[in-house]
Each structure stands twice: as C-alpha cells, then as structure tokens.
Amino acid sequence: RHSPEALPAAGKVSHGAGLHILLVEDNEVMRDSLGGLLIALGHTVTAAADGDIGLRSFFTGGPFDLVVTDLVMPNCSGRKMAEQLWCYSPGTKVLFMSGYSETDQVSDLLEDHTAAFLQKPFDECALCSAIESLR
C-alpha cells in the first residue's frame, strides 16, 4: 500500500494511554501487527509504509503525540524522516525501531528526551516502557 492507512481505534482504552501515534514501517506484516497492538493498548494509530508517506501523513493527519518508525526503509529512512520532522516541529517524540544495533545509527539522537530506541524483536512490555519513556 502506498497511502497512509487510518487504523480504527479499539473500543476500550487500556492503561490510560490514548496517544495519537504515527506508525511508519515498510514491512506490511510488522506494520499491521504493531498497529493492532498499539490500538489494543488504547492508542489511535495512523500507519505509513515508508518515510516519505510518513512525512506527508505527519503534516496532513496530525497532530501526533508520538512517531514510531523503523530505521531502515527504502526511499526515506526513519532517521532522515525524523530529522525533517524536527526541522518543522522541534520536540516531536520519536521512537526508533530496528533489528540493527542502536549505536550504529541513532545513538547521537538519543541524548535528549525526544527520541528513544527499541531493538527488534521486542515484546509488549518493552514497547510500553519505551512509549512511557517518551511521555
């Protein structure tokens, strides 16, 4: 899919979460399963298949409380997308995900409280902790 997808919110909000999250992930299976998990946790999710679509979604579908993005994607990487977002919207919270080590790609971005890193694969507890660290 090459257009942003609005995933319906779950009927019951758990954990008092309720964030509006932009999920940017090029792997459709991962995007769908992670989007479903975030919705089950009580968040509203807008999903995008790459960084370019994520940028468009950020400016047309927001405001967003959090951006959750894969680091390695075709066209526009998660890091490149986040750097562009921060130019226009400093302070935007970004949770980077990757199967690669964080030190390789984003350690310099994690020095303030607007970014965090989550190593793939991860479980629900790790996801919740990472989201909470950015609240």
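How charged is the neighbourhood of Met30? Take every other residue with its Cβ under 12 Å from the Cβ of Met30, and add Lys/Arg as +1 and Asp/Glu as -1.
Neighbour charge sum, excluding Met30 itself: -3.
Can you tell me how much longer the chain between Ala126 and Ser89 gets when fully stretched, taken as 0.36 nm per residue apart minus their C-alpha distance, in nm with one decimal?
Computed gain between Ala126 and Ser89 is 10.7 nm.
Whenever you get a sec, line up Glu111, Glu132, Glu28 from highest to lowest accessible area (probe 1.4 Å, protein heavy atoms).
The ordering from most to least exposed comes out as Glu111, Glu132, Glu28.
Plugging the Kirkwood radius over Cα pairs into Stokes-Einstein for region 74-130, at a temperature of 25 °C and a viscosity of 0.890 mPa s, what D comes out in µm²/s?
Diffusion coefficient, whole number: 204 µm²/s.
What does the accessible area per residue of region 51-102 come to in Å², with a 1.4 Å probe and no ligands, DNA or RNA counted?
It amounts to 44 Å² per residue over region 51-102.
In sequence order, what are the phi-derived ³J(HN,Hα) couplings for region 110-125 according to the Karplus relation 6.51 cos²θ - 1.76 cosθ + 1.60 with θ = phi - 60°, rounded to whole Hz, with x for glycine and proline?
Taking θ as phi minus 60°, the curve returns 9, 6, 9, 9, 9, 9, 9, 10, 10, 6, 7, x, 9, 10, 4, 5 Hz for region 110-125.
Using a Gaussian network model of the chain whose springs link C-alpha atoms within less than 10 Å, name the residue from Met97, Met81, Met30 with the highest mean-square fluctuation.
Met30
Run the accessible area of region 10-135 with a 1.4 Å probe and give the carbon-and-sulfur part as a rounded percent.
In region 10-135, the share of accessible area belonging to carbon and sulfur is 53 percent.
Fully extended, how many nm does the chain gain between Met30 and Arg135 (0.36 nm per residue separation, minus their Cα-Cα distance)?
35.5 nm
The values are calculated or read from the model by the stated rules, or taken from the named source; none is laboratory data. For clarity, every value in this text was computed on a predicted model and none was experimentally measured. Because the Cβ atoms are built from the backbone with ideal geometry, glycine has one as well, and the counts that use them run over all protein chains shown. Keep in mind that these areas ignore ligands, DNA and RNA; they rest on the heavy atoms of the full protein, side chains included. Shrake-Rupley method; radii C 1.70, N 1.55, O 1.52, S 1.80 Å.
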